[in-house]
Amino acid sequence: MRILPKSSFGQTVLLIGILLFINQVVSLVSVTYYFVSPNVQQINNLLANQIKLAFDEGLHGDDPQIDLRIFKTTGMQVLTDSEASANGLDQAVPYQSWSKQMSYNLGGEAQVKITHGEPYLYWIKPPQDPSIWITIPIVGLSQGDGSPHLVYLLMIGILSVGGSLIFVRRINRPLKALEVAAISVGKGQVPKPLNEEGSSELIAVTGAFNQMSKGIKQLEKDRALLTAGISHDLRTPLTRIRLASEMLPDDQDWIKDGIVHDIEDMNEIIDQFINYVRQDQQETLEQGDINDLINDAVNARNIEENHQIELDLNPLPLILIRRVALRRVLENLIENAFRYGGEHIQITSTHDKKHRQVSFSIRDFGPGIPEDKIEALFEPFTQGDKARGSLGSGLGLAIIKRIVSLHSGTVSLSNHTEGGLVAKVTISYQT
């Protein structure tokens with residue numbers, strides 16, 4: 001279990017709390033050593049001198065008038081053990097340190113107890129006469145309770161935490177904006193320029209990020225323009241080649257068919273390049289049920305009689321999706337499953353409410369893919385289809401991965417324990 005906080009605010013508050021605690025401990029030790037302890041010793045000395053003087057004057061002697069006169073003058077009272085118990089000795093709190101000091105001052109073993117209240121009442125058993133208890137009231141000590149110190153600690157804590165909150169929020173605001181913008185860039189989106197605010201270091205980092213975003217946006221434009229130009233320049237000569245092939249004599253149909261087939265393959269590869277470059281970000285997000293997309297894709301495939309699709313769809317919540325883009329993912333995965341796995345596939349959908357995730361998987365019953373080939377299949381231009389007996393541009397799965405990433409999701413491939421390949425797409429959503 002993690003105890004230390006992860007956020008900078010939590011760490012700052014913890015640091016200030018530790019420093020305040022250390023400060024209060026040092027203050028308490030200092031006050032005790034330099035103020036309380038000397039005062040206690042002084043009070044002990046005064047009480048001991050008062051007791052010595054009282055005994056020198058004949059306290060608890062043969063003349064009871066002396067005891068009465070001393071009581072009227074100093075408030076000192078002499079009680080036997082039974083009288084002391086009857087007057088509240090049992091409720092008094094013993095103090096060992098005071099007893100040791102009093103024993104030293106009176107020259108023999110003494111006991112000190114204190115009854116807290118107004119006034120404080122000191123109970124002292126003097127070594128001069130262990131059969132009695134001397135009570136001495138001290139007025140004013142009870143007023144010095146801990147309330148001012150507690151209020152001081154509370155105010156210092158509130159001011160420190162409040163100050164740290166303002167300070168850390170001032171730092172976190174641009175950092176949070178930077179985090180959100182960085183996540184958008186990771187999804188292939190280019191956010192608006194961030195406000196350059198905060199400390200000089202944060203302003204420098206934000207400025208560098210804005211410059212980076214601007215460069216990425218320009219690169220995306222250049223790449224889209226370059227791809228569009230290449231596709232246009234390639235399709236024009238391919239069209240001329242196809243027209244020329246149509247003029248071949250009938251006895252050379254086999255040559256014409258080969259040329260047409262190659263041209264169609266090249267057009268398909270060009271389309272894949274264009275789909276890979278296109279981010280599908282022009283499509284707006286809307287509430288949708290992925291089960292509806294699956295049913296639409298299945299209905300389109302059911303036109304072909306030799307295709308058998310087994311469905312196991314569980315209820316899914318409505319989430320924000322790009323319908324056209326996700327439909328392209330489904331169609332691509334279904335096409336791959338039929339192309340390399342036979343005429344029978346299974347499609348399953350599930351909902352993980354606890355982790356706020358929806359997922360769907362497509363399983364075929366083909367030969368699968370060697371485990372050492374799976375990891376690199378989603379990289380552009382990786383022809384993982386070779387592992388299943390075919391050639392391609394190597395962009396199909398890369399396109400799928402990019403579209404799924406735009407939905408804050410993941411796509412994975414795995415070999416089923418009973419044979420075949422399983423392609424699983426998992427999408428996280430916000431409630």
(message) Of everything in segment 8-34, what is in contact (Cβ under 8 Å) with a residue 12 or more places away in the chain and over 17 Å from residue 168 (Cα atoms)? Give them in sequence order.
(response) 20, 24
(message) For segment 71-105, which positions are assigned to a helix (DSSP H, G or I), farther than 14 Å from residue 133 by Cβ, in contact (Cβ under 8 Å) with a residue 12 or more places away in the chain and over 60 Å from the mean Cα position of the chain (by Cα)?
(response) 74, 103, 105
(message) If a residue must be open to solvent by 30 Å² or more (accessible area, probe 1.4 Å), within 35 Å of the chain's Cα centre (by Cα) and more than 20 Å from residue 377 (Cα to Cα), how many such residues does segment 309-367 contain?
(response) 18
(message) Out of everything in segment 289-308 that is of a type in the set (Val, Ile, Thr) and surrounded by 17 or more Cβ atoms within 10 Å (Cβ to Cβ), what residue ends up being modelled with the lowest pLDDT?
(response) 298
(request) Under 6 Å between Cβ atoms, at least 6 apart or on separate chains: pull out the pairs that start in segment 113-125 with a residue that is outside any strand (DSSP E or B) and end on any residue that is open to solvent by less than 30 Å² (accessible area, probe 1.4 Å) and modelled with pLDDT of 85 or more. (result) none
(request) For residues that are touching a strand residue (DSSP E or B) at 6+ places or on another chain (Cβ under 8 Å) and not hydrophobic (A, V, I, L, M, F, W, C), scanning just segment 409-423, find the one that is most open to solvent (accessible area, probe 1.4 Å). (result) 410
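Table: residues versus (1) out of contact with any Ser or Thr (no Cβ under 6 Å at 6 or more places or on another chain); (2) modelled with pLDDT of 75 or more; (3) among the hydrophobic types (A, V, I, L, M, F, W, C).
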position: 194; (1), (2), (3): no, yes, yes
position: 199; (1), (2), (3): yes, no, no
position: 202; (1), (2), (3): yes, yes, yes
position: 210; (1), (2), (3): yes, yes, no
position: 231; (1), (2), (3): yes, no, no
position: 238; (1), (2), (3): yes, yes, yes
(request) Could you tell me whether residue 371 is farther than 17 Å from residue 401 by Cβ and either in contact with a Cys (Cβ under 9 Å, 6 or more places away or on another chain) or open to solvent by 20 Å² or more (accessible area, probe 1.4 Å) (or both)? (result) yes
(message) Exactly one of these conditions fails for residue 245: (1) at pLDDT 80 or above; (2) open to solvent by 60 Å² or more (accessible area, probe 1.4 Å); (3) over 20 Å from residue 175 (Cβ atoms). Give me its number.
(response) (2)
(message) Please go through segment 72-121 and give me each residue that is open to solvent by 30 Å² or more (accessible area, probe 1.4 Å) and of a type in the set (Ser, Thr, Tyr), ordered by number.
(response) 73, 74, 80, 82, 85, 95, 97, 104, 115, 120
(message) If I filter segment 195-202 for residues that are in a helix (DSSP H, G or I), open to solvent by less than 100 Å² (accessible area, probe 1.4 Å) and touching a residue at least 12 places away in the same chain (Cβ under 8 Å), do I get at least one hit?
(response) yes
(message) Anything in segment 204-219 that is open to solvent by 60 Å² or more (accessible area, probe 1.4 Å) and either of a type in the set (Val, Ile, Thr) or touching a residue at least 40 places away in the same chain (Cβ under 8 Å) (or both)? List them, or say none.
(response) 205
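The values are calculated or read from the model by the stated rules, or taken from the named source; none is laboratory data. Note that the coordinates shown come from a computational prediction; the quantities given were computed from them, not determined experimentally. As a convention, Cβ positions derive from the backbone with ideal geometry for all residues, glycine included, and neighbour counts pool all protein chains shown. Calculation scope for accessible area: heavy atoms of the full protein, side chains included, ligands and nucleic acids excluded. Shrake-Rupley method; radii C 1.70, N 1.55, O 1.52, S 1.80 Å.
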